[in-house]
Amino acid sequence: MHARKLCKMTLLLLILTFVLPVLSSPSYSLLVNDRIIARWTNNLYYPGKVSATGNGLIHVLFDDGDRITHTVRDISAVIPDQQPSHVKLGQHVVATWKGGHKYYIGYVSQIVSGSRPFKVTFDDNDEDYYQAHQLRKFPDHQTAHEVGARVFARWTNGLYYRGFVARANSSTVFIRYDDGDTIILHKIDRTAVILDKLPCYSHIKPGQRVIGFWPGRTRYYPGVVTYKRPTGLANCYQKAVYYVVFDDGDRRMQDFNQIRIIPCMTTETNTNESV
Ligand SMILES: *[C@@H]1O[C@H](CO)[C@@H](O)[C@H](O)[C@H]1NC(C)=O
């Protein structure tokens, strides 16, 4: 249904969403001994400090004595241990679970009144409430094909699981899933690797191909938004607004944080993943 037009509009919106913020976003540079939270090989984050920098690399010494090296261009690998000045609904964050020292990735899914106003829905579907000073902003990459991009990547069963782009070359990306599995996917198939970035209410039109949440599952399922509930609100992030008909026939009304846009194919060739 109007797929071509929808694609053009999506492209424009992608430019507005991803390119413009880059021009205005403040860049930070990390210095030796700065307190940070860095990604480990299990896709979780742990506290530590910067032990050295140079040649485009950041060397990290974790508080438990382990070490890891990330590239500066992987903007989500090493996060400054600074409390955010302002936390908004839909903010991508990392936070600890019940006072532990591992940091998990999630989204601020609701803001309530009370002493811990920020409800975080983690990528494993756990939820808890936080104060602003307990949250750290998770930096979003601009495209799904950059090293360090937080993505949903299509597995061999056609369903989408979360992971990070661990390596990339001109034609393929190497994905490390949160459960430890890996896969190589072709960049030319833009539907294979999807940036884990929340769409805005105004960007979703009926007919939009998406991946969506199903209760109790962490994998996302492909489908179509067949109906968008009119709310009279312009807010990007609204609850129970997207009616998704999944390719397997299931249906569900979805919140703002429960769908992601499947990008349009750039070519007719749909190359299959290979390992
Ligand atoms: C990119 O990586 C893939 C998988 O490792 C490999 O098969 C391919 O030859 C590489 N392409 C280039 C241009 O280096």
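For the reader, a short list of remarks on this structure follows.
- Cβ pairs under 7 Å, 6+ apart, first in the range 198-214 and assigned to a strand (DSSP E or B), second among the polar types (S, T, N, Q) and crowded, with 18+ Cβ neighbours inside 10 Å: Gly212/Gln254; Gly212/Gln258
- Inter-residue pairs, beta-carbon under 6 Å, first in a strand (DSSP E or B) and in the range 148-174, second within 9 Å of the ligand (Cβ to nearest atom) and modelled with pLDDT under 95, 6+ apart: none
- Candidates Lys119, Lys98, Lys88 - the one that is at pLDDT below 95 and basic (Lys, Arg): Lys98
- Residue ID - surrounded by the most Cβ atoms within 10 Å (Cβ to Cβ), chosen from residues in the range 139-149 that are away from the ligand (no atom under 16 Å from the Cβ) and not polar (S, T, N, Q): Ala149
- Residue match in the range 197-205 (condition: within 16 Å of the ligand (Cβ to nearest atom) and either over 14 Å from the mean Cα position of the chain (by Cα) or modelled with pLDDT of 95 or more (or both)): no
- Residues (within 22 Å of the chain's Cα centre (by Cα), among the hydroxyl-bearing types (Ser, Thr, Tyr) and surrounded by 15 or more Cβ atoms within 10 Å (Cβ to Cβ)) located in the range 47-81: Ser76
- Just so you know, in the range 177-192 the residues that are within 14 Å of the ligand (Cβ to nearest atom) and assigned to a strand (DSSP E or B) include one that is surrounded by the most Cβ atoms within 10 Å (Cβ to Cβ), and it is Leu185.
- Cross-chain or 6+ apart pairs with Cβ under 7 Å, the range 100-114 first and more than 28 Å from Asp64 (Cα to Cα), then of a type in the set (Gly, Ala, Ser): Val108/Gly90
- Asn125 falls short on exactly one of the conditions (1) of a type in the set (S, T, N, Q); (2) away from the ligand (no atom under 16 Å from the Cβ); (3) touching a strand residue (DSSP E or B) at 6+ places or on another chain (Cβ under 9 Å), and that condition is (3).
- All conditions in (1) surrounded by fewer than 17 Cβ atoms within 10 Å (Cβ to Cβ); (2) within 30 Å of Trp214 (Cα to Cα) hold for Pro84, with the sole exception of (2).
For every residue, the table says whether it meets (1) under 21 Å from Gln91 (Cα atoms); (2) surrounded by fewer than 17 Cβ atoms within 10 Å (Cβ to Cβ); (3) more than 16 Å from the ligand (Cβ to nearest atom).
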{"position": "Val120", "(1), (2), (3)": "yes, no, yes"}
{"position": "Lys137", "(1), (2), (3)": "yes, no, yes"}
{"position": "Val151", "(1), (2), (3)": "yes, no, yes"}
{"position": "Tyr160", "(1), (2), (3)": "no, no, yes"}
{"position": "Asn169", "(1), (2), (3)": "no, yes, no"}
{"position": "Ile175", "(1), (2), (3)": "no, no, no"}
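- Only a single item in (1) in a loop (DSSP other than H, G, I, E, B); (2) in contact with a strand residue (DSSP E or B) (Cβ under 8 Å, 6 or more places away or on another chain) is not met by Cys236, and it is number (2).
The values are calculated or read from the model by the stated rules, or taken from the named source; none is laboratory data. Here the structure is a predicted model, which means the values were calculated and not measured. Note: ideal-geometry Cβ built from the backbone for every residue, glycine included; neighbour counts use all protein chains shown.
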